[in-house]
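Just so it is clear, none of the values below were taken in a lab; they were calculated from the coordinates. Because the structure is predicted, anything quoted here is derived from the model rather than measured. When we count neighbours, we look across all protein chains shown, and the Cβ atoms used for this are built from the backbone with ideal geometry, even at glycine.
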Amino acid sequence: MWAVGLLVQRGRAPEVVVELAGWQRSFRELPEREQRTFRHLREALFEMERLRVETGQWPSPERLRDEGVEPFREDELTTHRAWALRHHGVYATWVGVPVEDATAQRWLVLVIEPSTNEAAPPEDEEHHTRADGVPVHVTVWSQANDDAPVPDEVLAFPAAQGWVQRVGQ
C-alpha cells in the first residue's frame, strides 16, 4: 500500500507556487462581478493591441465600445464605468471609474510599450508581443471606489497611489 502511495505521489506534477509582490493580489478574491470585469479586461488587451497595430495609436474607450469590446461595451451584467485613455511617452492607461455603484472597483489597464529595439520577453500574463513584433508590458489594476479623486496623469507604478495589481492566479 505504501509503495502504491509513493508511486502516485511521484506521478503528480509538482505544484508551482508563485510568490506575489506586496501590491499584487489574485483576481479570485474579488466578488464575481469584479472577477468578470478582470477577465474581460484581460481579453480586451488583445483587441487593444490589434487596434494599436492597425491604426498606429491606442484605441479610445469609445472605439473599444463601438467595436463591442467588453467591459467598455455596456450590458446588463456590466457595471457602468466612465473610461478615460491617457498617454505619456511609452505609457498608456485606460481608467474606468464606476458611475453609479459605489461598491464597484475602479479599474486601470497599464501598457508599457518600449522601443522596438528590445528583445521580446517570454509570453506570459504581463508580457505580450504584438502582431508587429513590438513587445509590450501589460498589467491590470483595481482600487476601491472611494472619495479620493483619480489622478489625471498616467501612473507608471499604480501601487504608489493605492492600486492593487490583479493577477490571474
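Taking the centroid of alpha carbons for each part, segment 95-110 and segment 34-87 are 13 Å apart. Backbone geometry of segment 156-167 corresponds, through the Karplus equation with coefficients 6.51, -1.76 and 1.60 at θ = phi - 60°, to 3J(HN,Hα) couplings of 6, 9, x, 4, 5, 10, x, 7, 10, 6, 9, 10 Hz, x marking Gly and Pro.
Legend: ranking of residues PHE46, PHE157 from fewest to most surrounding C-beta atoms inside 10 Å; resulting order PHE157, PHE46. Convex hull volume of the Cα atoms of segment 102-168, normalised per residue: 108 Å³.
Fewest neighbouring Cβ atoms within 10 Å first, the residues VAL97, VAL69 line up as VAL97, VAL69. Specify the angular offset, from 0 to 90 degrees and rounded to the nearest 10, of the alpha carbon long axis of helix 32-55 from the longest principal axis of the alpha carbons in the chain. For 32-55 against the chain, the angle is about 60 degrees. Mean silhouette area of segment 24-167, derived from the convex hull of its C-alpha atoms and averaged over all directions, reads 8.4 nm². For the pair VAL53 and ALA131 in one chain, pulling the backbone fully straight at 0.36 nm per residue adds 27.4 nm over the alpha carbon distance. Of the residues ARG33, ARG63, the one with the fewest other Cβ atoms within 10 Å heads the list, and the complete ranking is ARG33, ARG63.
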